[in-house]
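Heads up: the structure comes next, in structure tokens.
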Amino acid sequence: MKGISKFLATTMSLLLLVLLAGDALGQTAKQQFVGSWTIVSADTVRPDGRVPNFGPEPKGFLVFDGSGRYALQIMSASRGRFASNNRMEGTPEENRSVVQGMIAHFGRYSVNEADRTFTFQVENSSFPNWEGTAQKRPFTITADQLKYSVAAASGGGSGEVVWKRVK
């Protein structure tokens with residue numbers, strides 16, 4: 001009797017693991033995107049090397065909702081403060097620090113599971129040249145990490161961006 005109970009407990013545990021794994025594997029790629037993410041790194045990749053695009057400890061937040069909308073912000077932690085305490089009265093150097101130290105955009109997104117890409121349909125951006133464009137990104141999602149590349153980064157070269165899911 002003791003052997004049968006142990007066998008049933010083991011069998012039930014294995015069945016539960018299979019069902020849980022099957023549920024995770026059964027998620028579509030778009031479902032894996034949905035949620036909030038914080039930036040890990042955003043690097044510019046050029047022939048002469050790799051550079052942290054927003055400094056060594058960038059700050060950023062990315063949200064994908066279930067209806068196909070997104071919002072993204074990345075900024076350097078070392079942006080300078082404005083001496084006047086008025087964003088409308090920044091010096092050229094202060095304004096340059098802000099413009100070169102951040103990127104933000106929002107709009108719609110779609111996921112192509114067949115070729116493992118997603119596309120930002122940029123409605124508005126702090127880099128106006130991206131407005132109205134489709135920004136296609138090859139991606140990987142492993143556990144709680146989203147990694148994608150940017151063929152033509154707004155700061156030149158290509159880019160590699162890594163996000164961590166917010167729990």
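Yes or no: Gly101 under 19 Å from Glu160 (Cβ atoms) and free of Cβ contacts under 8 Å to residues at least 12 places away in the same chain? It is false that Gly101 is under 19 Å from Glu160 (Cβ atoms) and free of Cβ contacts under 8 Å to residues at least 12 places away in the same chain. One residue is enough: does the range 126-133 have a residue meeting the conditions closer than 22 Å to Phe33 by Cβ and assigned to a strand (DSSP E or B)? There is no residue in the range 126-133 that is closer than 22 Å to Phe33 by Cβ and assigned to a strand (DSSP E or B). Count of the range 124-162 residues, restricted to those that are surrounded by 15 or more Cβ atoms within 10 Å (Cβ to Cβ) and acidic (Asp, Glu), is 1.
The residue pairs whose first member lies in the range 62-87 and is within 20 Å of Gly101 (Cα to Cα), whose second member is assigned to a loop (DSSP other than H, G, I, E, B) and small (Gly, Ala, Ser), and whose beta carbons are closer than 6 Å, counting only pairs six or more residues apart or on different chains, are Met75/Gly101; Ser76/Gly101; Arg79/Gly101; Phe82/Gly90. Thr91 falls short on exactly one of the conditions (1) more than 20 Å from Ser36 (Cβ to Cβ); (2) at pLDDT below 95, and that condition is (2). Do we find that Phe120 is over 14 Å from Gln32 (Cα atoms) and not in a strand (DSSP E or B) in this structure? Taking the combined requirement at face value, the residue does not satisfy it. Here Ala42 passes the criteria (1) at pLDDT below 60; (2) within 30 Å of Gly159 (Cα to Cα); (3) of a type in the set (A, V, I, L, M) except the one numbered (1). Scanning the range 52-78 for residues that are over 26 Å from Glu113 (Cβ atoms), surrounded by fewer than 15 Cβ atoms within 10 Å (Cβ to Cβ) and either in contact with a strand residue (DSSP E or B) (Cβ under 7 Å, 6 or more places away or on another chain) or modelled with pLDDT of 90 or more (or both) turns up Pro52, Glu57, Ala77, Ser78.
The values are calculated or read from the model by the stated rules, or taken from the named source; none is laboratory data. For clarity, every value in this text was computed on a predicted model and none was experimentally measured. Glycine also receives a Cβ, built like all others from the backbone with ideal geometry; neighbour counts cover every protein chain displayed.
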